[in-house]
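In what follows, a single structure is set out as structure tokens and then discussed.
The values are calculated or read from the model by the stated rules, or taken from the named source; none is laboratory data. On a predicted model such as this, the values are computed, not experimentally measured, just so you know. Counting neighbours? That spans all protein chains shown, and the Cβs are built from the backbone with ideal geometry, glycine included.
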Amino acid sequence: MIAHQSSARLFVVLTGLVLIIGLAGTVDAGSSNSLMDISADGTLLACSNRDSGTVTFVDLSTNQVLREIKVGHKPEGVSFIGTSHEIAVAIYEDDVVVFLDGDSGNIRGKVPVFDEPYGIISTKDGSRIYVTLEYPGQVVEIDPQSAKITRELPAGSFPRGIAIAPDEKRLLISEYLTATVRSIDRTSGKLVDEWPGSSTDNLARQLVIHPTRPKAYVTFIRSKVTAHQGTGSIFPYVAITDLVDSEDSRRKRMPLDSVFGTQVTANPWETDISPDGKHLFVVFSGTDDVFVCNTIDDDYRELSLARYIATGRNPRAVRVSPDGKRFFVYNALDFEVVAFDAKSLQQTGRISVTKNPLPEEIHLGKVLFYTALQPMTARRWISCSSCHPDGQPDGRTWHNPEGLRQTPPLQGLAFTHPQHWSADRNETQDFEHTIRGPLMGGQGLLKGSLNKPLGETNKGLSRSLDALAAYTNSHSFTLSPHANQGLSEDAERGRTLFFSKQTKCAECHTGPFFTDSQSGRPSVRHDVGTGNADESEVMGPAYDTPMLLGLYRSAPYLHHGVAATLQDVLTTQNAGDKHGTTSHLSADQIEDLTAFLKALPYELPEPQAAAAGIVKVAN
């Protein structure tokens, strides 16, 4: 729990913070996390290329690429270290932080971390690097000179965004799945304050701090799980967090769409603020546009729209130059950075930062997956990626027309058809029904009549629909961080229990994907005693067997999301032993079984599937 402070003490501390912020003057490079960063002298830009596994350096005097360097699988945040031309890069899938020299292109060092590094920032003097670990919910402090971890700090649940106050006494963290903002004291390393999000706040990847006022800005989406139409389920928002104590709300939520008198936008990914604090820039990955907002110093209206700018496909990053004269937008699916003049808001250059590494069909499918434009959707608020960004779940349980449905990950989908908890779709092309339906309301990808789910195939009838299926089915696995050194002793005991005739867990959760739902086989559904718990259920009470790989990070569990933990799955949500025979197990045995489940996958399933003759779906 976060320690509560008296109002008087908090006022003194934060008043001092306000005074320091007021003297700070400008935002230094690396003060907030981003997929791009600009060196303190304004001469170099670095951006991470997730699909290519590279980092690109750009000479900003010429807008020419200097070099592109391979760094690992799925790099995310980048930060220049202090005033140098060295950068630190968070390699999300490889669980490592890489240090690069921007002038020579040499890799200077690597620091392994526990799991899923995302946001990364540097102190002004470059003496420390701070990195958010989405799992297990930490910030790691690294000495870049020695390339050693100096501290591991608790940071809530699934932190991604990170910023450092201008006085560098505090770190601010934003949680990915809740948009909650937390403050960490750098000296003690303790969580000292928090600004909770609404119950509907979701997918906050980043935050920035105003250079001269005690304000932090967090962009996210509102995921209203009780609405299953595109007109009400998902909206783009920004939260303006007041970093001072006051009688008024310390956090304001503002919709970032038609309230500003412009067309609807979708899926805000990143934001940045100008060095003078007068303008806030927001990129929207679903509608391919940028908002340039005026900041208003009245503690009430906060923002007004200055300009709407159309940009390229899937913009995921925006960065303002240290002198405030230019800003840059990274269009991830055009594989380019676009330069803009900050005064005229006109384009001044387009820089190709990496070659498209994706097969043509996968690239087309990914473009469709991320867009909130026609033919995928009519209302511009929602895309496939609004709930399944980069193949991951949004941590939500939705009130769908068929009943409560927890969002599953997409990893391994190609091997585990049929789809949906109700096994009501036997091919990914059947999601054309969702595209045309009330949720998305799009024109659709298939010309003419559409075959019913589980009926005649819709495969091969549309190049675009097959491409969407190919991308959706392309997500693969990484090993569980709980099995980096193999199975622990408690996980080994749990493995024995899992496969025993005593528990019968492996009767349904079988094979390399730990499910009896396999492509090319007849659908098998099971009544595990959970269907009657949901009064809105219309298709249960039998459900498709979910795979168990990646359970350590995909809570909540079960089709209705009632089980908050794996222990709940095995105990409080397993009445009558319908979900494995576990009622006789001791508390220690439950812990052992949980340890095994958290270690999945402890070996990659695809090679095992090939050896067992389990065929991947051909799109």
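Can you pull out every residue in the range 269-293 that is free of Cβ contacts under 8 Å to residues at least 60 places away in the same chain and either closer than 18 Å to Gln346 by Cβ or buried (at least 21 other Cβ atoms within 10 Å of the Cβ) (or both)?
Residues satisfying the conditions are Phe281, Val283, Phe284, Asp289, Val290, Phe291, Val292, Cys293.
Filter the strands (runs of 3 or more DSSP E) completely within the range 28-82 down to those with at least 1 residues that are modelled with pLDDT of 95 or more and surrounded by fewer than 21 Cβ atoms within 10 Å (Cβ to Cβ).
By residue number, 54-59, 64-70.
Can you name every residue in the range 592-619 that is touching a helix residue (DSSP H, G or I) at 6+ places or on another chain (Cβ under 8 Å) and either at positive phi or among the hydroxyl-bearing types (Ser, Thr, Tyr) (or both)?
Thr594, Tyr602
Among the residues of the range 569-614 satisfying the criterion of being among the hydroxyl-bearing types (Ser, Thr, Tyr) and farther than 20 Å from Tyr135 by Cβ, which is surrounded by the fewest Cβ atoms within 10 Å (Cβ to Cβ)?
Among those residues, the one meeting the criterion is Ser586.
With respect to Val562, is the statement that it is aliphatic (A, V, I, L, M), surrounded by fewer than 19 Cβ atoms within 10 Å (Cβ to Cβ) and more than 25 Å from Glu427 (Cα to Cα) true?
In short, yes.
Out of all the residues in the range 108-123, is one or more within 24 Å of Ala40 (Cα to Cα), in the same structural domain as Gly42 (by TED's automatic domain parsing), buried (at least 16 other Cβ atoms within 10 Å of the Cβ) and of a type in the set (S, T, N, Q)?
Within the range 108-123 (the criterion being within 24 Å of Ala40 (Cα to Cα), in the same structural domain as Gly42 (by TED's automatic domain parsing), buried (at least 16 other Cβ atoms within 10 Å of the Cβ) and of a type in the set (S, T, N, Q)), the answer is yes, since at least one residue qualifies.
Quick check on this structure: which one of Thr311, Thr271, Thr265, Thr287 is over 21 Å from Thr377 (Cβ atoms) and among the polar types (S, T, N, Q)?
One residue alone meets the criteria, Thr271.
Residues checked against (1) at pLDDT 90 or above; (2) over 27 Å from Glu427 (Cα atoms); (3) surrounded by 18 or more Cβ atoms within 10 Å (Cβ to Cβ):
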{"position": "Ser480", "(1), (2), (3)": "yes, yes, yes"}
{"position": "Ala483", "(1), (2), (3)": "yes, yes, yes"}
{"position": "Phe498", "(1), (2), (3)": "yes, yes, yes"}
{"position": "Glu507", "(1), (2), (3)": "yes, no, no"}
{"position": "Phe514", "(1), (2), (3)": "yes, no, yes"}
{"position": "Ser517", "(1), (2), (3)": "no, no, yes"}
{"position": "Met539", "(1), (2), (3)": "no, no, yes"}
{"position": "Thr545", "(1), (2), (3)": "yes, no, yes"}
{"position": "Leu549", "(1), (2), (3)": "yes, no, yes"}
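Across the range 251-290, what is the number of residues that are modelled with pLDDT under 95 and touching a Leu at 6+ places or on another chain (Cβ under 8 Å)?
5
Tell me the strands (runs of 3 or more DSSP E) entirely within the range 339-437 that contain at least 1 residues that are buried (at least 18 other Cβ atoms within 10 Å of the Cβ) and in contact with a Phe, Trp or Tyr (Cβ under 6 Å, 6 or more places away or on another chain).
Fully inside the range 339-437 and qualifying: 403-406.
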